[in-house]
Amino acid sequence: MNTWFAQTDAVGGSLGLSALVATLPLIAFFVMLLGVKARAHVSAIVALAVSILVAVIGFTMPVDLALMSAVRGGLYGLFPIVFVILMAIWFYQVTVLSGRFEDLRRTFDAIGGGDLRIQAILIAFCFGGLLEALAGFGAPVAITATMILALGVKPLKAAVTVLIANTAPVAFGAVAIPITTAGEIGGRDAAHIGAVVGHQAPILAFFVPFIILFILDGARGLKDAWVPAAVIGASFGIAQWATATYFAYQLTDVIACIVSLGVAVVFLRFWKPRGVAGVRERYGLEPLDPNAKSELTAGRVWMALLPYAIVVVVFGLANLIPSLVAWLNSTNLKVHMPLLQERLVTAAGKPVNSDYKFQWLNNPGTFLLISGLIVALIYMIFNENGRYKLSYGSAIKEIGTTAYRMRWSALTIVCVLALAYVMNYSGQTVAMGEFIAGLGPVYAFLAPALGWIGTAVTGSDTSANALFSKLQVTAAEQLSSNGAHGVTPELLLAANTTGGVVGKMISPQSLAIAATSVDMEGKESDIFKACLPWSMLLLFGICLLVFLQSNILHFMVSGL
């Protein structure tokens, strides 16, 4: 059979022209989404079709190879990515169906001591991060926005608060699926990428509670509550760094959120909120009743927190016991992809590894399924005389309900991954990467902007990594070969991921979810205007950090 390899100057023998033509699928996607206002899955389908046309006509890729490349990418999009997200949302739904989620909400009310600023940080930042770690997919914004609105926060401030709070955990969201995707598409070790992100995201996380204080109560809020904000932000960031670097990157946000909540509970037992009466008066709330008693018991609080402890245990066992890790790896199935393995080769004539690894057991989605079944069983047994009702049947049925609800989003993910593989295998992404590498070492400063753009448009850090990971790797390899040894593929993949997190707050999907949750439908532009300056400021900070890591702060990424 005739072999074929990708040529980065396939269009007119020019790298620049080839790179320009290679942008057409991305332009089509953005134009459909923002210009035509088409739904995300329709935009993705159109972009996929354009990428196949560019591959066949512009880069001379045989039609059958282009179509099989799309199939290969779609398979990875379906499993594990869609499966992981499905299981993450289902796991959260189990806690809601059980009735225990309401106890968790009341727990946050009790911890904050009546200071709505501290309560908002705990709910939007800590608990929202936990939801992002397990569910993502807009759930954290929708859920925490309604909870903060119930505290008495004005709609616009509530929306902006939850959108900004949602930035820090996004990189490790849905059990770190954006990083897993970056590793798969970029051909690099996901754990290494996660460790580098763990040396970037914590710095961002530290400042988020201060921003929330300023949004909710201006300079007075910072003066009154900067100490707990620093404690919560620092504990979250340190836990993120330690987990991503030394433990399991998939659990980074789960552990960071649990640690920061625990630290906040202990700290607030000794530090009393200041200016509580003043902020409640400014928000038109009733003064606190010192004699009010909570219905919560220690047992109910523990049962509300139990699901997240089970997740940590299950993931910890699967990643830390060598014999179990080896057995789980042995269950992976390698699926041979017809045509690709026989005909797709590198310029040197070596076959491109295009086999599909079916990790039916050894993947975060399965671990979440096991965790959810354990939680459902415990909740079913310990129902406190019928106070909390959950049957195994209703828990299992919820999987189907969740799958139906996310059907169009699942199609979007599958098409975006199919698009990414067509662009990668045909040489489109590599052509763009080699061209922009001509910017030199300064490109390290701009690298996070690609993730920011991709996430702002698609609403997904995972999709942004699927679109640009190969490009980032190619640019890094070119720059390294030209002497910029500090610009490693892992650094730029992490930059794409971390840059994406601050783009999510201004994505149309996030704005729509936030607006709906706080009864501001039709006023998404107001929320956008309030979030954009923060998004730009944080993006500049990340760009500067990545540039310094590539030139001066090598110790932050070397040796990982």
Return yes or no: is residue 21 in a helix (DSSP H, G or I) and touching a Gly at 6+ places or on another chain (Cβ under 6 Å)? yes
So which residues in segment 358-395 are within 15 Å of residue 83 (Cα to Cα) and surrounded by fewer than 14 Cβ atoms within 10 Å (Cβ to Cβ), if there are any at all? 360
Is it the case, given these coordinates, that residue 174 is surrounded by fewer than 24 Cβ atoms within 10 Å (Cβ to Cβ) and either modelled with pLDDT under 90 or in contact with a strand residue (DSSP E or B) (Cβ under 8 Å, 6 or more places away or on another chain) (or both)? no
Against the condition assigned to a loop (DSSP other than H, G, I, E, B) and closer than 30 Å to residue 278 by Cβ, how does residue 114 come out, does it pass? yes
For the condition within 18 Å of residue 506 (Cβ to Cβ) and surrounded by fewer than 24 Cβ atoms within 10 Å (Cβ to Cβ), what is the one hit in 168, 190, 159, 142? 142
Can you list the helices (runs of 4 or more DSSP H) found entirely within segment 469-560 that contain at least 2 residues being farther than 20 Å from residue 146 by Cβ and modelled with pLDDT of 80 or more? 489-501, 524-551
Within segment 191-210, restricting to residues that are touching a Ser or Thr at 6+ places or on another chain (Cβ under 9 Å) and of a type in the set (A, V, I, L, M), the one that is nearest to residue 541 (Cα to Cα) is 204
Mind checking which pairs have a first residue in segment 112-126 that is under 14 Å from residue 210 (Cα atoms) and a second that is hydroxyl-bearing (Ser, Thr, Tyr) and crowded, with 24+ Cβ neighbours inside 10 Å, Cβ under 8 Å, 6 or more apart or different chains? 120/161; 124/144; 124/161; 125/260; 126/260
Check every one of the helices (runs of 4 or more DSSP H) wholly within segment 278-350 and list those with 2 or more residues that are without any contact (Cβ under 8 Å) to a residue 60 or more places away in the chain. 298-320, 322-330
For segment 357-368, check the following and say yes or no: at least one residue is part of a strand (DSSP E or B), under 23 Å from residue 191 (Cβ atoms) and aromatic (Phe, Trp, Tyr). yes
Taking the conditions exactly as written (closer than 24 Å to residue 286 by Cβ, modelled with pLDDT of 80 or more, charged (D, E, K, R) and in contact with a Pro (Cβ under 8 Å, 6 or more places away or on another chain)), does residue 103 satisfy them or not? no
Check on residue 476, in contact (Cβ under 8 Å) with a residue 60 or more places away in the chain and either under 27 Å from residue 13 (Cβ atoms) or surrounded by 24 or more Cβ atoms within 10 Å (Cβ to Cβ) (or both): no
So is residue 194 within 16 Å of the chain's Cα centre (by Cα), at pLDDT 90 or above and within 24 Å of residue 489 (Cβ to Cβ) or not? yes
Take segment 294-325 and flag every residue that is acidic (Asp, Glu) and in contact with a Leu (Cβ under 7 Å, 6 or more places away or on another chain). none
Of (1) within 17 Å of the chain's Cα centre (by Cα); (2) surrounded by fewer than 24 Cβ atoms within 10 Å (Cβ to Cβ); (3) at pLDDT 90 or above, residue 222 satisfies every one except (1)
How many residues does segment 337-389 contain that are farther than 19 Å from residue 7 by Cα, out of contact with any Asp or Glu (no Cβ under 8 Å at 6 or more places or on another chain) and of a type in the set (A, V, I, L, M)? 12
Looking at segment 521-532, which of the residues that are within 21 Å of the chain's Cα centre (by Cα) and without any contact (Cβ under 8 Å) to a residue 40 or more places away in the chain is farthest from residue 501 (Cα to Cα)? 528
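The values are calculated or read from the model by the stated rules, or taken from the named source; none is laboratory data. Quick caveat: nothing in here was measured; it's all calculated off a predicted structure. All Cβ positions, glycine included, derive from the backbone under ideal geometry; neighbour counts span all protein chains shown.
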